[in-house]
Amino acid sequence: MNRAVFLDRDGTLNYDSREYIRNLTEFRLFPTTVAALKKIQALGYKLIIITNQACVAKGLTTVAAVEEIHQFLKNTLKEKGVKLAGIYYCPHHPDDDCDCRKPKIGNVLRASREHEIDLSSSFFIGDSKRDVETGKTAGCRTILVRTGVRLNSQEEIRQWSVQPDFVTANLMAAVEFIEKFEGKSDL
Ligand SMILES: [Mg+2]
Ligand SMILES: [Zn+2]
């Protein structure tokens, strides 16, 4: 079985926008994303992106534009020696009641079947409560990064019904946390 670090996309790997990231020109990675992903890969985790893109169902962008971003991302990372095992996105509307829109775990389960992932030794990293819920439901350890556009205060986070195992300033700090606790089962 493999271990994975499941990653949210917008606000975790790249700058988010309150109006969605609709096309490639709006897509910009954070400065340390590539280095952070490289570190995760070196630790022996598969890299899998799990993202909600309701902007498709809302007619704000197209499947083609989303896939262009994902192809660009894969290529950019590949050039730097980082391999993405997969990108799983939900194009549906919140009202569609699909099984793949986070906090539902349809895409996580699909990815874990396709890549033989042991969820209990995997991590889920994201910038929102929804990501923490997704990771928890899937049985992963969860890390909340504070690089999104909707920043919750520590006080707000404490009141969430699900609690992240760790909160870090950004993805690089999250990776350093994983590195530090590598091999330990109790966080
Ligand atoms: Mg996000
Ligand atoms: Zn969906």
So is T168 within 15 Å of the chain's Cα centre (by Cα), among the polar types (S, T, N, Q) and within 16 Å of ligand 2 (Cβ to nearest atom) or not? no
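Mind checking whether some residue in the stretch 146-169 is among the aliphatic types (A, V, I, L, M) and surrounded by 22 or more Cβ atoms within 10 Å (Cβ to Cβ)?
Keep residues of the stretch 146-169 that are among the aliphatic types (A, V, I, L, M), which gives 149, 151, 157, 162, 167, 169.
Adding the requirement that they be surrounded by 22 or more Cβ atoms within 10 Å (Cβ to Cβ) leaves none.
No - not one qualifying residue is present in the stretch 146-169.
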Does T147 qualify as being within 13 Å of ligand 1 (Cβ to nearest atom) and within 15 Å of the chain's Cα centre (by Cα)? yes
Given (1) small (G, A, S); (2) out of contact with any Asp or Glu (no Cβ under 9 Å at 6 or more places or on another chain); (3) within 16 Å of ligand 1 (Cβ to nearest atom), where does G11 come up short, assuming only one miss? (2)
Is at least one residue of the stretch 165-172 under 16 Å from L13 (Cβ atoms) and assigned to a helix (DSSP H, G or I)? yes
Please specify each residue of the stretch 38-72 satisfying the condition of being in contact with a Leu (Cβ under 8 Å, 6 or more places away or on another chain) and closer than 23 Å to P103 by Cβ. I40, L47, I48, I49, I50, I69
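So which of V167, V175 ends up being within 16 Å of ligand 1 (Cβ to nearest atom) and either hydrophobic (A, V, I, L, M, F, W, C) or modelled with pLDDT under 95 (or both)?
The conditions single out V167.
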All positions within the stretch 119-152 that are of a type in the set (S, T, N, Q) and either touching a His at 6+ places or on another chain (Cβ under 9 Å) or within 15 Å of L7 (Cβ to Cβ) (or both): S122, S128, T134, T142, T147
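If I filter the stretch 120-139 down to residues being without any contact (Cβ under 8 Å) to a residue 60 or more places away in the chain and outside any loop (DSSP other than H, G, I, E, B), which single residue comes out as farthest from ligand 1 (Cβ to nearest atom)?
Going through the qualifying residues, I end up with S120.
The values are calculated or read from the model by the stated rules, or taken from the named source; none is laboratory data. No experiment lies behind these values; they were computed from the predicted model shown. Using ideal geometry, Cβ is built from the backbone for each residue, glycine included, and neighbour counts are taken over all protein chains shown.
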